[in-house]
Each structure stands twice: as structure tokens, then as C-alpha cells.
Amino acid sequence: MKAAVLYEANKPLVIEDVSINKPGPREVLIRTAVAGLCHSDLHFMEGLYPYPLPAILGHESSGVVEQVGSDVTYVKPGDHVVTCLSVFCGTCDMCTTGRPVLCTGTDVKLMPGVANRFSWGRKEKLNQFLNLSSFAEQMLVHENAIVKIRKDMPLDLAALIGCGVITGYGAVVNTAGVRPGETVAVIGCGGVGMAAINGAAIAGAGRIIAVDTNPAKLQLATKLGATDLVNPKEGDPVAKVKEITGGGVQYSFEVLGAKITAEQAFGMLAPGGTATVVGMIPVGTKVELHGADFLREKRMQGSSMGSNHFRQDMPRLVEFYLNGKLHLDDWVSAKIKLEEINEGFANMKAGKVVRSVIQFN
Ligand SMILES: NC(=O)c1ccc[n+]([C@@H]2O[C@H](COP(=O)([O-])OP(=O)(O)OC[C@H]3O[C@@H](n4cnc5c(N)ncnc54)[C@H](O)[C@@H]3O)[C@@H](O)[C@H]2O)c1
Ligand SMILES: [Zn+2]
Ligand SMILES: [Zn+2]
């Protein structure tokens, strides 16, 4: 099968011909339908987060089950599935206390460098990325890394749910728990930020302030539910958000992955407000906050993959799309071939797209 391999940080991905193993007892072989390009892949490509290389990247995907291992009962060949990197073991302390995103069961959620699912006629090991490796014609994953979806859900849009949508929506609904009428600001309106905005609208938030340097993204944010738009190129976004809300928002979301925007997210809170950092701030980067703000009961927290329970959340997101509440049609900017993947990431870096998706045959 064809797959996009990262050999070294800051080098283009290379399309290689590789073999994928047959499913072990609890594994599922999937024919990849669609894989989205997420900024997290780019962070790893730029070496801002370490990973054992060479590796087949990609972690936002949909597909059709081709073959299942001897102990798999959850899916059968022909089922449509969405993948999720939040693989859960179901028995560790995190899983059994309701936080499967933080699963520590390393027999199921394999640590980087452990999975042995590919061969390619070379001595060097080819690594699986985040238990998935979606930039490939087939994926071999643990059965707890997938969720079945309705067959009338278009597979290209379903792929987006696998990372960007669950992450943005989940940060608002699961991690922060935004309630009707509350005020929200989202800094960074790419694929993940758009999902946070749409999620805030679904949650019934009052003011939803979109903050982005790209006017085209702000325009789209309006369609998804943003009530106010702030472009940091036109002035300090913290001052602007405070002006719009008369003192700050109850919930802010950093969806970009930078020190300055994380500090802005905290700075734009009303007393008692909570800032949620979704973006992947480079390893080694520190965020500075004013200590005195904690006396105003302001909080800052992280969110991984939208604190999901993906077997429940993702089918609900499919329903939201099918009944017109989740506007996924608006955020696929380009459908590309696997061979065009480097151009796809260049366009992401240039801020030109909300989401590019690779369509496999
Ligand atoms: N926590 C998680 O589990 C998780 C999961 C997926 C993605 N992420 C992270 O979320 C972040 C966003 O991912 P994405 O795929 O949506 O990225 P993206 O590149 O599509 O979007 C980033 C957006 O930020 C905007 N922007 C750039 N500079 C800005 C500034 N100074 N102020 C405001 N906006 C600015 C860009 O115009 C763009 O719209 C990344 O850091 C990614 O790694 C985290
Ligand atoms: Zn992602
Ligand atoms: Zn677990």
C-alpha cells in the first residue's frame, strides 16, 4: 500500500510502498477512505514535538472495515468507522473513572515506537503514529481505536470528526462544560477552532467571539455561530474582547498552540472565568500568567482530544451533522490526493485552508 512517511523533521513527507500486517486477535484492518490534515501532524513534522521516526503520519480518518481479528466482536467487514487516537483499554484507573482520554493501559494504547504493524523490506523500523497512521491506504488498529458510524454519513466529512471536530467541540462541551447563555471566545479558527465555535453554538452559548488573523476564517466563523469577530491585526484582542463583553468572557479557548495566545486566553477572562488550552504549545515553551488573577478565581486548564468518550460523542456528532446543527460542509477547503500531501501542509502553514482532506480510492 502507499503511505506518507516522515523520515526527518523539517523534510517533506515521502510516499512509499509498504506492507501492513494481518490483524492480531483484537485488531482491525481498515481500508482508509479519507484522512484530514491536522495542525498537530505539522507540529510533529516541524520537530516541535518529538516522535520516533521514520513514521507514517496522520490521525484524523474514516474508512471501511476490511478484516477483523479472531476476538473482535464490535465491528465486521463492511462497517463504516471513524478512528480516534484516544485508544482506551477500559480497565485502567483513568478509563474506569470516566477519563479514557488519559488512558494509561499501555498494552492497548501503545507508547510511541512500540507498535509493529508495518513491514517495508528495510532493517529500520517503520513506526505507527499515535496508534493510527492515517496517511496510508490501509490502517491496522486496536478495536478500541474506532467507532462505528451510520452508512449514510459521508465518509469525507466523517473523517473530520476523528480529530478536529471532536477536539474543538469536546473542549467546549466536555472539558469546559459551557452552558446556555455563557460567553465564549475562541482564539484560532482553523479546523479545530471552527469546531469549538460550532460546539459553543450547539451548547447554546450567548456571545461567541471568534478571534483570528485571517478575515476569510472570521467570515466562515459567523456562519458556524460566531456573534462577534476580532482580528488581532487590528489591535489588542484582549482589550477588544473585554470591550465587547464589558469585562471579559466566561470561557476562552486557545486553539493555536502558542505562548502569546495562551496568555491572551487567560487575559480575556471575566472574574471566575476558565481558559482552556487546546493548541499544542511547543515542548519547552513556558506560559506566564499574572499570579494575582488567581484571586479572581480565574482558571486555566488543558484539553486532550476534547476530553472525549468517542464511542458516544462521535455518533452524536454524526447526528448533529445529519440534522443540520454541525456545519461540516463548510470546512473542507480542498480534497487532495496522497501525492499532494506536502502542498496540503504548505497551504495549512500559509493559513489558506480550514481543512484539506486526502481522498483515497
Ligand atoms: N489538544 C488536542 O488534543 C489537540 C487535537 C488536535 C489539534 N490540536 C491543536 O490545535 C491547534 C489548532 O489546530 P488546527 O488544525 O485547527 O490548526 P490550523 O492551522 O487549521 O488553525 C490555526 C488558526 O490560527 C489562526 N491564527 C494564526 N495566528 C493567529 C493569532 N496570532 N491570533 C489568532 N489566530 C491566529 C490561523 O489563521 C488559523 O486559522 C494546533 O496547535 C493543533 O496541534 C490539539
Ligand atoms: Zn489532530
Ligand atoms: Zn485505560
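The values are calculated or read from the model by the stated rules, or taken from the named source; none is laboratory data. Because the structure is a prediction, the values reported are computed rather than measured. Cβ atoms come from the backbone with ideal geometry, glycine included; neighbour counts cover every protein chain shown. The area values use the complete protein model at the heavy-atom level, side chains included, leaving out ligands, DNA and RNA. Shrake-Rupley method; radii C 1.70, N 1.55, O 1.52, S 1.80 Å.
Scan the range 143-161 for residues that are under 16 Å from the mean Cα position of the chain (by Cα) and farther than 19 Å from M194 by Cα and jot them down.
The answer is A145, I146, V147.
Which pairs do you get when a residue that is among the basic types (K, R) and open to solvent by 40 Å² or more (accessible area, probe 1.4 Å), found in the range 104-120, comes within reach of a residue that is at pLDDT 95 or above and within 16 Å of ligand 2 (Cβ to nearest atom), reach meaning Cβ atoms under 6 angstrom, with the pair 6+ apart or on two chains?
K109/V87
Here is a yes/no grid of residues against (1) within 22 Å of G188 (Cβ to Cβ); (2) more than 16 Å from ligand 3 (Cβ to nearest atom):
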position: G291; (1), (2): no, yes
position: S304; (1), (2): yes, no
position: N308; (1), (2): yes, no
position: A346; (1), (2): yes, yes
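For every residue, the table says whether it meets (1) hydroxyl-bearing (S, T, Y); (2) touching a residue at least 40 places away in the same chain (Cβ under 8 Å); (3) under 25 Å from I166 (Cα atoms).
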residue	(1), (2), (3)
K2	no, yes, no
E8	no, yes, no
E16	no, yes, no
G24	no, yes, no
A35	no, yes, yes
D41	no, yes, yes
G47	no, no, yes
Y51	yes, yes, yes
S61	yes, yes, yes
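Against the conditions (1) open to solvent by 30 Å² or more (accessible area, probe 1.4 Å); (2) in contact with a Pro (Cβ under 9 Å, 6 or more places away or on another chain); (3) within 15 Å of A196 (Cα to Cα), where does H327 fall short? Just the number, please.
That leaves (2) as the condition not met.
Pick from E234, E263, E243, E254: which is open to solvent by less than 30 Å² (accessible area, probe 1.4 Å) and modelled with pLDDT of 95 or more? Before the answer, list the steps.
On the way: E234 fails: open to solvent by less than 30 Å² (accessible area, probe 1.4 Å); E263 fails: open to solvent by less than 30 Å² (accessible area, probe 1.4 Å); E243 fails: open to solvent by less than 30 Å² (accessible area, probe 1.4 Å).
Sole residue among the options that is open to solvent by less than 30 Å² (accessible area, probe 1.4 Å) and modelled with pLDDT of 95 or more: E254.
Residues are listed down the side, and each one gets a yes or a no for (1) open to solvent by 10 Å² or more (accessible area, probe 1.4 Å); (2) of a type in the set (A, V, I, L, M):
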{"residue": "A136", "(1), (2)": "no, yes"}
{"residue": "I149", "(1), (2)": "yes, yes"}
{"residue": "A158", "(1), (2)": "no, yes"}
{"residue": "I161", "(1), (2)": "no, yes"}
{"residue": "G168", "(1), (2)": "no, no"}
{"residue": "P180", "(1), (2)": "yes, no"}
{"residue": "G191", "(1), (2)": "no, no"}
{"residue": "A195", "(1), (2)": "no, yes"}
{"residue": "A205", "(1), (2)": "yes, yes"}
